Amino acid sequence: MLHIGHVSKAFARGGAVLADVDLTVERGESVAIVGASGCGKSTLLRIIAGLEPPSRGTVTVAGEEIRTPHPAVGMIFQEPRLLPWLTVAENIAFGITSLPASERTARVQEALDLIGLVEHASKWPRELSGGQSQRVAIARALVARPSVILLDEPFSALDAVTRVDLQRHMRALGRRMHLTLVIVTHDLEEALILGDRVAIMQPNPGRIAKIVTVPGDGDTDLALRELASSFAHLNGARNAAILEGAHIQYAHTS
């Protein structure tokens, strides 16, 4: 279980970025965080990852406070960030070099199988497509066997078909492996595909203004109406219009 306990963040020059963010995400649950640019979504993700200290409040995973990067928390960034001088398998193994060679090999093989790149293990990053590179980034996060994975708009640079494919694949992996997922995104369609709940943030300073549950039966109409209404109220009518467009795309991919 991930618990964000009344977290606030202020920078000396930039002022308050986050104010009293409080959220619990259960084991195996997926929560998408959406909001206007500058509302503190990425800062919150960095605090959860232990990359940025909160000014107030705490972040805990299974009761253990996260103050610095922790093996229980993995992160997938917008860019794959693969090391060009390492093969696919070596990139995946990069974060677990302290493990015995036999266990390291077994974990890499398992991760390659999970993301469907077994036949690409010996390739170099330059030989991969954008979607394949992002799959390697997913495998690199999985290989450490974290209980929580944070996703910072990891599919935004991909073409539409590849993006939806990886969104659904990540969602399936989360369910299969009982992972806790926290996704920061500007893409409201992505929030619907990946999230069990969608947390809407409001800026100045950033805080969670509303949480909407996404129905598990595929009927998203009620949730979408609630999201559209909340976005129109909290972030302007333009964002509500974007959400309606996302609903149309989502319906076509379901």
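Values in this text are rule-based calculations from the coordinates and carry no lab data. Note that the structure is a prediction, hence the values are computed from the model and not measured. Every residue, glycine as well, gets a Cβ built from its backbone with ideal geometry; the counts of neighbours run over all protein chains shown.
Points to keep in mind about this one:
- Mean Cβ neighbour count within 10 Å, used as a protection proxy, ranking 199-206, 99-106 highest first: 199-206, 99-106
- Only helical runs count toward this figure. For the chain, summing -39,500 (n - 2.57) over DSSP H runs of n ≥ 4 and dividing by all residues gives -12000 deg cm²/dmol at 222 nm.
- Along principal axes, Cα extents of the chain, largest first, whole Å: 53, 43, 32
- Set of lysines with alpha-carbon distance to LYS9 below 22 Å, sequence-local pairs under 8 removed: LYS41, LYS210
- Length released on extending from GLU64 to ALA12, taking residue separation times 0.36 nm less the Cα-Cα span: 15.9 nm
- Rounded to whole Hz, the Karplus (6.51, -1.76, 1.60) HN-Hα couplings of the range 144-154, x for glycine and proline: 7, 6, x, 8, 10, 10, 9, 10, 9, 6, x
- The relative contact order of the chain, computed from alpha carbon pairs under 8 Å that lie at least 6 residues apart in sequence, is 25 percent.
- Inter-part distance where the range 47-93 and the range 134-178 are each reduced to a Cα centre, Å: 14 Å
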